[in-house]
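Presented below is the structure to which this report refers.
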Amino acid sequence: MTFPEGFIFSSATASYQVEGAWNEDGKGENIWDRLTHQQPDLILDKSSGDVACDSYHKYKEDIRIAKELGTTMYRFSLSWSRILPTGAIDQVNAPGVKYYHDVIDECLANGITPMITIFHWDLPQPLQDLGGWTNEVVVNYFVDYAEFVFKEYGSKVRLWLTINEPLSICGEGYGDAIKAPAIHWSGRADYLCAHNVLKSHAYAYRLYERDFKETQLGEVGFATISSYYYPKDKNNPSDVEAAERMQQMVFGWYAHPVFSKDGDYPAVMKERVKKASLEQGLKRSRLPEFTEAEIKLIQGSADFFGINHYTSSIAHEPTAGEELPQAGTRGGDAGVLTAFDPAWEETIADWLRVAPKGFRMLLNWIKDAYDNPKVMVTEQGYPDRGELMDTNRVHYYRLYLLELLKAINTDKCNVAVYTAWSLMDNYEWFFGYEHKFGLYQVDFTDPQRPRTPKMSAAFYKKLIETRKVPK
Ligand code: BGP
């Protein structure tokens with residue numbers, strides 16, 4: 001089986017994870033600068049992205065290796081506070097604006113299509129001081145920022161992701177406190193955050209549709225982290241129902257309002273959160289409500305669906321004696337327990353097991369639930385310690401790509417792009433430099449930050465050349 005004609009291979013990075021130059025040339029402080037400088041204990045190796053891969057100075061190297069791989073697309077993100085140091089459009093940082101022109105121009109000069117993520121987690125600190133994504137006013141700041149970048153770069157860029165992984169921003173930044181801004185108020189701050197993130201995305205989408213689409217001819221979507229929830233016992237209807245409920249309340253939380261026929265949050269989510277809230281003694285649901293006008297605004301606000309997919313889970317309805325996660329946490333509100341299948345191969349990351357079949361299952365779930373939308377796989381990758389002979393990564397990619405081929409060719413899932421996370425080793429948030437996902441190794445002890453191809457880079461290159469999964 002081969003990848004269809006026109007299918008595109010890409011690789012990805014994100015501003016905070018690779019750029020460094022955290023306070024150079026007028027860049028403002030963002031929430032990851034603040035968190036890593038003031039609460040380094042929250043990071044596994046107490047490190048920061050202050051220098052990272054130094055892509056602010058070495059972007060030409062990045063594009064050179066993206067080309068060397070044979071990829072024809074490169075996904076990277078804009079640092080909001082490099083362009084608008086306070087987050088607001090009344091103060092524009094010219095060197096920051098120029099930097100992204102340079103990166104885009106370098107891509108184009110090398111035959112690489114830029115896919116731009118407008119926001120990949122590095123919120124300007126002054127906006128966090130207003131409450132960040134829990135304050136609805138941030139919607140306006142985001143839309144103004146999006147308008148600025150559409151205007152500035154849109155004549156050269158055709159593919160936009162508004163926001164990367166709302167679930168990680170909200171669930172981990174405002175729920176579980178493992179990502180900046182490290183707020184721990186699960187079931188409240190995360191739901192509020194999600195509400196504003198969805199509105200920000202949709203307003204930015206509508207603005208592009210109204211003012212830019214006709215002249216710039218681009219496509220706008222967003223990227224969601226995804227898991228596939230298998231029922232623990234597929235012959236037990238309550239496990240089957242629990243798995244579907246979890247899929248709706250974790251993945252559907254963001255996907256349903258945009259891609260479903262009825263819009264809004266999934267019905268089961270509204271029911272469950274309300275029930276749990278009333279049982280806690282609250283007078284109303286912790287899940288905010290969209291107005292009718294907002295539901296219409298959000299519904300259909302994507303030209304494609306960006307999917308970041310790494311792993312799967314097993315879900316079940318708790319049985320007698322099993323304790324549920326606290327109400328307010330996602331599993332708690334859903335009334336579902338999750339785990340990994342012990343048969344799935346472990347990785348160094350406790351959140352990631354090798355479960356390739358779930359990838360095909362997920363793509364089919366999306367196809368059935370949302371009428372086969374155009375999907376771009378915007379991230380997929382494997383963590384290790386950064387060895388050049390990364391046989392486990394090659395093994396992972398081989399298994400996942402074979403499932404992707406079946407999803408495309410046999411199941412007719414509408415997938416157009418595949419993106420490896422990541423082009424090169426970089427700053428992996430909470431895991432600092434302990435976990436590496438790169439196709440290229442970066443030597444972080446060398447001030448020159450040399451990039452060296454790993455075995456997986458050769459594998460990816462061969463895949464692209466032959467359009468087949470190499471043996
Ligand atoms: C995704 C993010 C990426 C990348 C990757 C690896 O969720 O979009 O930015 O970091 O996960 O995850 P981690 O860095 O947590 O190991």
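Could you tell me whether the stretch 238-256 includes any residue that is in a loop (DSSP other than H, G, I, E, B) and under 30 Å from T347 (Cβ atoms)?
Here is the first cut: in the stretch 238-256, the residues in a loop (DSSP other than H, G, I, E, B) are none.
Within the stretch 238-256, not a single residue is in a loop (DSSP other than H, G, I, E, B) and under 30 Å from T347 (Cβ atoms).
What is the residue count in the stretch 180-195 for residues that are open to solvent by less than 30 Å² (accessible area, probe 1.4 Å) and closer than 20 Å to M249 by Cβ?
Qualifying residue count for the region: 8.
Which residue out of F290, F359 is within 16 Å of the ligand (Cβ to nearest atom) and either open to solvent by 20 Å² or more (accessible area, probe 1.4 Å) or within 30 Å of V220 (Cβ to Cβ) (or both)? Explain how you work it out, then say what you get.
Details: F290 fails: within 16 Å of the ligand (Cβ to nearest atom).
Criteria check complete, one pass: F359.
Out of A66, A52, I need the residue that is crowded, with 23+ Cβ neighbours inside 10 Å and touching a Ser or Thr at 6+ places or on another chain (Cβ under 8 Å). Which one? So that I can check it myself, show each step before the final result.
On the way: A52 fails: touching a Ser or Thr at 6+ places or on another chain (Cβ under 8 Å).
It is A66.
Report every pair of residues separated by at least 6 positions or lying on different chains whose Cβ atoms are under 8 Å apart, first residue within the stretch 408-429 and in a helix (DSSP H, G or I) and open to solvent by 20 Å² or more (accessible area, probe 1.4 Å), second modelled with pLDDT of 95 or more and not basic (K, R).
Here the result reads N409/P4, each pair linking the stretch 408-429 to a residue that is modelled with pLDDT of 95 or more and not basic (K, R).
Does the stretch 101-117 hold any residues that are open to solvent by less than 10 Å² (accessible area, probe 1.4 Å) and touching a Pro at 6+ places or on another chain (Cβ under 9 Å), and which are they? Even if it seems obvious, please write down each step before you answer.
Here is the first cut: in the stretch 101-117, the ones open to solvent by less than 10 Å² (accessible area, probe 1.4 Å) are 103-104, 107, 112, 114-117.
Passing the criteria: V103, I104, C107.
Can you pull out every residue in the stretch 366-395 that is over 26 Å from P266 (Cβ atoms), open to solvent by less than 30 Å² (accessible area, probe 1.4 Å) and over 19 Å from the mean Cα position of the chain (by Cα)?
Step one: of the stretch 366-395, the residues over 26 Å from P266 (Cβ atoms) are 381-395.
Restricting the remaining residues to those that are open to solvent by less than 30 Å² (accessible area, probe 1.4 Å) gives 381-384, 386, 390, 393-394.
D384, G386, D390, R393, V394, listed by residue number.
Given the criterion within 30 Å of H37 (Cβ to Cβ), within 16 Å of the ligand (Cβ to nearest atom), over 24 Å from the mean Cα position of the chain (by Cα) and at pLDDT 95 or above, identify the matching residue among F437, F430, F444.
Numbers: F437 fails: over 24 Å from the mean Cα position of the chain (by Cα); F430 fails: over 24 Å from the mean Cα position of the chain (by Cα).
When all the criteria are applied, what remains is F444.
Among the residues of the stretch 164-189, how many are within 14 Å of the ligand (Cβ to nearest atom) and hydroxyl-bearing (S, T, Y)?
Looking only at that region, the number is 1.
Taking A302, is it in a loop (DSSP other than H, G, I, E, B) and open to solvent by less than 30 Å² (accessible area, probe 1.4 Å)? It would help to see each step written out before you state the result.
Values: in a loop (DSSP other than H, G, I, E, B): yes; open to solvent by less than 30 Å² (accessible area, probe 1.4 Å): yes.
When the stated conditions are applied, A302 passes them.
Give the stretch 305-328 a look and list any residue that's more than 16 Å from the ligand (Cβ to nearest atom) and either aliphatic (A, V, I, L, M) or outside any loop (DSSP other than H, G, I, E, B) (or both), or say none. Lay out the reasoning, then the answer.
Within the stretch 305-328, the first condition is being more than 16 Å from the ligand (Cβ to nearest atom), and the residues that meet it are 314-328.
Residues satisfying the conditions are I314, A315, H316, A320, L324, A327.
In the set R64, R75, which member is within 16 Å of the ligand (Cβ to nearest atom) and more than 18 Å from E152 (Cβ to Cβ)?
Working: R64 fails: within 16 Å of the ligand (Cβ to nearest atom).
Going through R64, R75 in turn, the sole match is R75.
What number of residues within the stretch 128-170 satisfy the criterion of being under 24 Å from A21 (Cα atoms), in contact with a Ser or Thr (Cβ under 8 Å, 6 or more places away or on another chain) and assigned to a helix (DSSP H, G or I)?
Residues meeting the conditions: 2.
The values are calculated or read from the model by the stated rules, or taken from the named source; none is laboratory data. All of these numbers come straight from a predicted model, not from anything done at the bench. Note that each Cβ is placed from the backbone with ideal geometry, even for glycine, and that neighbours are counted across all protein chains shown. The area values use the complete protein model at the heavy-atom level, side chains included, leaving out ligands, DNA and RNA. Shrake-Rupley method; radii C 1.70, N 1.55, O 1.52, S 1.80 Å.
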